[in-house]
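Okay, so here's the structure we're looking at.
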Amino acid sequence: GPRPVVLSGPSGAGKSTLLKKLLKDYEGVFGFSVSHTTRSPRPGEANGKDYHFVTREEMQQGIANGEFIENAVFSGNMYGTSKMAVQAVQARNQVCILDIDMQGVRNIKKTDLNPIYISIHPPSVEILVKRLRDRNTESEESLQKRLQAAIDDMEISKEPGLFDEIIINDDLEEAYSRLTDVLKEEIAAAQTSKDS
Ligand SMILES: Nc1nc2c(ncn2[C@@H]2O[C@H](COP(=O)(O)OP(=O)(O)O)[C@@H](O)[C@H]2O)c(=O)[nH]1
Ligand SMILES: Nc1ncnc2c1ncn2[C@@H]1O[C@H](COP(=O)(O)OP(=O)(O)O)[C@@H](O)[C@H]1O
């Protein structure tokens, strides 16, 4: 099947905005790997669609049962990609998109998933802070934790070979067009297999 795609990068960089657009514009081509998390749903988020929202106990049990490809703690909450999440997308022959943090990237690198690694960056830390604040989803404490992780991760992302592509999300349309360009071969491959 087609190669999966990992979207990483700091919280607030625009990963979910870009991937939602991709899923909508290329319906049936891409499929989202729905992660598990112990964080609370935000207004508008649906269980089973944006995340599988679970308790720490459920998450720990799942990990102990070997149900996860990778898992990490981010800003005090647990997150993880289940084998089922990826298999569900791959069974439909779709390009599987994973939205995961830097720990996830490192752990996926140890598996045989062989995705394309893309990092989404904000134009600056100042703009990142503004976008995160304007998103209105985080407490001040959560915002500060995300910001610290963002600064650390943007530094790590420069490590040669870690990402296939770094996309600066300044103008949304430009970043999106860069993203579809980077993925054009996968899009073509998935469309061919869908049509046959
Ligand atoms: N390792 C890993 N990270 C994840 C997973 N799902 C989401 N994340 C990451 O967890 C971080 C926080 O995600 P979220 O709570 O949705 O907040 P947001 O990034 O501020 O929108 C982001 O960096 C996500 O990419 C997962 O299954 N595994
Ligand atoms: N290019 C952009 N210009 C202005 N605002 C943006 C842009 N991309 C995303 N945003 C906004 O920034 C906030 C963070 O984006 P989001 O997609 O939630 O980031 P992430 O999923 O990486 O945490 C959202 O409120 C989103 O609407």
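Where a number appears in this text, it was derived from the coordinates with a stated rule and is not lab data. The structure displayed is predicted, hence computed values, not measured ones. In this analysis, Cβ positions are derived from the backbone assuming ideal geometry, glycine residues included, and neighbour counts consider all displayed protein chains.
Rounded to the nearest 5, what % of the DSSP beta bridges within the chain are antiparallel ones?
Around 30 percent of the beta bridges assigned by DSSP in the chain are antiparallel ones.
What's the Kirkwood radius of region 1-90 in Å, using all Cα pairs?
Every distinct Cα pair counted, the radius reaches 14.1 Å.
Would you be so kind as to identify which of Leu183, Ile120, Ser16 lies farthest towards the positive end of the dipole of the chain, taking Lys and Arg as +1 and Asp and Glu as -1 on Cβ and the Cα centre as origin?
Ser16
Using the Cα centre of the chain as the reference point, and only Cβ charges (+1 on K/R, -1 on D/E), how large is the resulting charge dipole? Debye, rounded to the nearest 20.
With Lys and Arg at +1 and Asp and Glu at -1, about 360 debye.
Answer rounded, prolate or oblate for region 5-191, using the Cα gyration tensor with square roots of eigenvalues a ≥ b ≥ c: rounded when a/c is under 1.5, else prolate when a/b is larger than b/c, else oblate.
rounded
Write down, largest first, the equivalent ellipsoid semi-axes of region 29-73 in whole Å, where each equals the square root of 5 times an eigenvalue of the alpha-carbon gyration tensor.
Listed largest to smallest, the semi-axes of region 29-73 are 19, 15, 8 Å.
Enter the Cα centre distance for the pair region 134-163 and region 71-113, rounded to the nearest angstrom.
Answer, in whole Å: 18.
Got a sec? How would Leu172, Leu132, Leu113 order by Cβ neighbour count within 10 Å, fewest to most?
Leu172, Leu113, Leu132
Could you give me the radius of gyration and the Dmax of region 127-196, taking only the C-alpha atoms into account and expressing both in angstrom?
Using the Cα atoms of region 127-196, the pair Rg, Dmax is 16.7, 51 Å.
Which of the trypsin sites (Lys or Arg not before Pro) found in region 111-196 are loop residues per DSSP with 11 or fewer other Cβ atoms within 10 Å of their Cβ?
Lys158
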